[in-house]
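Presented below is the structure to which this report refers.
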């Protein structure tokens, strides 16, 4: 078969298979679909014959597949066999990272949140920053996985990332040294001998156990007037942990539901009797770096009027992705359902709006330090 017909026959065969499934929408639009097949194969043939440089056909097809997925939402993507294998391999100290959760937006990498006590957070990277260059290489046109792979590397090696930040005219360049990222889920203390402060950094397998241990210690303080649960810059994690942690502060009612096209994706999760802080007042701190599981907890506590939310609107990542292996040993990450709060509202792209809006005041703002005006405001609400 001649090279110039490679794309056309490959794509046509793939779509014929799809069209043979018993789906009414496909059968009704079969003529339009074939028109699109012809158009797409024509475009690819022109690229093959006319583009200024010779192209790698396999790479172009990978990009086309990824383009379809990325057109659905920022979280769906294609992983070729090499990238999928790397994603499943433990780093075992060989590779280091920066400590940021990222997504794609408008063709560039957007920081969901920098994780506490990681190289990125210490360098000054903030939630909402756009990474436009990595070591001088433009991010535009790359997939999210390609950009992430550029940021990974051997421990103690440095990397330069160029970011654009809302409100700043000039780009900022950070030189950051890669490290092994280890996250301690919970940090706790008692403020002014009256307020229990619980900082939750992630929702991993041990988060709920760590949190309940800290609550048990703090509850021994007889002068306690209330709690602050700090979910700022928490990128989320396990749904099961979000449900357990929400349940710590509730006695009953729905916590969250998931809804998708498949019936198996439709689930509801409820609280059980037993408020672990015995009805004491609760303030939850949120910001634009609070995402996914953090939004489930904050939204459930707000809907049940169990907590006062303070800070800034959350990120708005309210969807569930599944990794689906493919025959070529690659995989796709595909959104299969969305989260819904007890009120029925979706978190996706909207986020959670705080009851009291308090913005980060300056560039030197750091969580849980003297510059943390959001935490200071919350403490004042308890102690005056």
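The values are calculated or read from the model by the stated rules, or taken from the named source; none is laboratory data. All of these numbers come straight from a predicted model, not from anything done at the bench. Because the Cβ atoms are built from the backbone with ideal geometry, glycine has one as well, and the counts that use them run over all protein chains shown.
Evaluation of residue 332 against the conditions (1) closer than 19 Å to residue 73 by Cα; (2) modelled with pLDDT under 95; (3) not in a strand (DSSP E or B) shows that the sole unmet condition is (3). For segment 165-211, the tally of residues that are assigned to a loop (DSSP other than H, G, I, E, B) and without any contact (Cβ under 8 Å) to a residue 12 or more places away in the chain stands at 5. The set of residues from segment 245-265 being surrounded by fewer than 19 Cβ atoms within 10 Å (Cβ to Cβ) and assigned to a helix (DSSP H, G or I) comprises 263, 264, 265. Per the conditions (1) over 19 Å from residue 157 (Cβ atoms); (2) at pLDDT below 90; (3) surrounded by 18 or more Cβ atoms within 10 Å (Cβ to Cβ); (4) under 17 Å from the mean Cα position of the chain (by Cα), the sole criterion not satisfied by residue 112 is (2).
Please tell me if residue 272 is farther than 29 Å from residue 115 by Cα and touching a helix residue (DSSP H, G or I) at 6+ places or on another chain (Cβ under 7 Å). It is true that residue 272 is farther than 29 Å from residue 115 by Cα and touching a helix residue (DSSP H, G or I) at 6+ places or on another chain (Cβ under 7 Å).
As a summary of the residue check, residue 233 satisfies the conditions (1) out of contact with any strand residue (DSSP E or B) (no Cβ under 7 Å at 6 or more places or on another chain); (2) surrounded by 14 or more Cβ atoms within 10 Å (Cβ to Cβ); (3) closer than 23 Å to residue 351 by Cβ except for the one numbered (1). Taken together, 297, 353 contain a single residue that is at pLDDT 95 or above, under 21 Å from residue 113 (Cα atoms) and assigned to a loop (DSSP other than H, G, I, E, B), which is 353. Here residue 82 fulfils each of the conditions (1) assigned to a loop (DSSP other than H, G, I, E, B); (2) out of contact with any strand residue (DSSP E or B) (no Cβ under 9 Å at 6 or more places or on another chain) apart from (1).
One residue stands out among those in segment 24-57 that are under 17 Å from residue 68 (Cβ atoms) and modelled with pLDDT under 75: the one that is surrounded by the fewest Cβ atoms within 10 Å (Cβ to Cβ), which is 25. Of the residues that make up segment 146-162, is at least one within 22 Å of residue 290 (Cα to Cα) and in a loop (DSSP other than H, G, I, E, B)? Checked segment 146-162: no residue is within 22 Å of residue 290 (Cα to Cα) and in a loop (DSSP other than H, G, I, E, B). What's the total number of residues in segment 266-294 that are within 16 Å of residue 226 (Cβ to Cβ) and either part of a loop (DSSP other than H, G, I, E, B) or at pLDDT below 95 (or both)? Residues flagged as within 16 Å of residue 226 (Cβ to Cβ) and either part of a loop (DSSP other than H, G, I, E, B) or at pLDDT below 95 (or both) within segment 266-294 amount to 7.
Kindly establish whether residue 314 is modelled with pLDDT of 95 or more and not in a helix (DSSP H, G or I). Taking the combined requirement at face value, the residue satisfies it. Restricting attention to segment 328-364, the residues that are surrounded by fewer than 17 Cβ atoms within 10 Å (Cβ to Cβ), more than 22 Å from the chain's Cα centre (by Cα) and free of Cβ contacts under 8 Å to residues at least 60 places away in the same chain total 7.
Applying a threshold of 7 Å to beta carbon distances and a minimum spacing of six or more residues, or different chains, the list of pairs starting in segment 366-381 at a residue that is surrounded by 13 or more Cβ atoms within 10 Å (Cβ to Cβ) and ending at one that is assigned to a helix (DSSP H, G or I) reads 368/375. The set of residues from segment 218-260 being farther than 19 Å from residue 204 by Cβ and either without any contact (Cβ under 8 Å) to a residue 12 or more places away in the chain or not assigned by TED's automatic domain parsing to the domain that holds residue 343 (or both) comprises 220, 222.
This table checks each residue for (1) buried (at least 19 other Cβ atoms within 10 Å of the Cβ); (2) under 22 Å from residue 366 (Cβ atoms); (3) not assigned by TED's automatic domain parsing to the domain that holds residue 377.
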{"residue": "137", "(1), (2), (3)": "no, no, yes"}
{"residue": "145", "(1), (2), (3)": "yes, no, yes"}
{"residue": "150", "(1), (2), (3)": "no, no, yes"}
{"residue": "161", "(1), (2), (3)": "yes, yes, yes"}
{"residue": "168", "(1), (2), (3)": "no, yes, yes"}
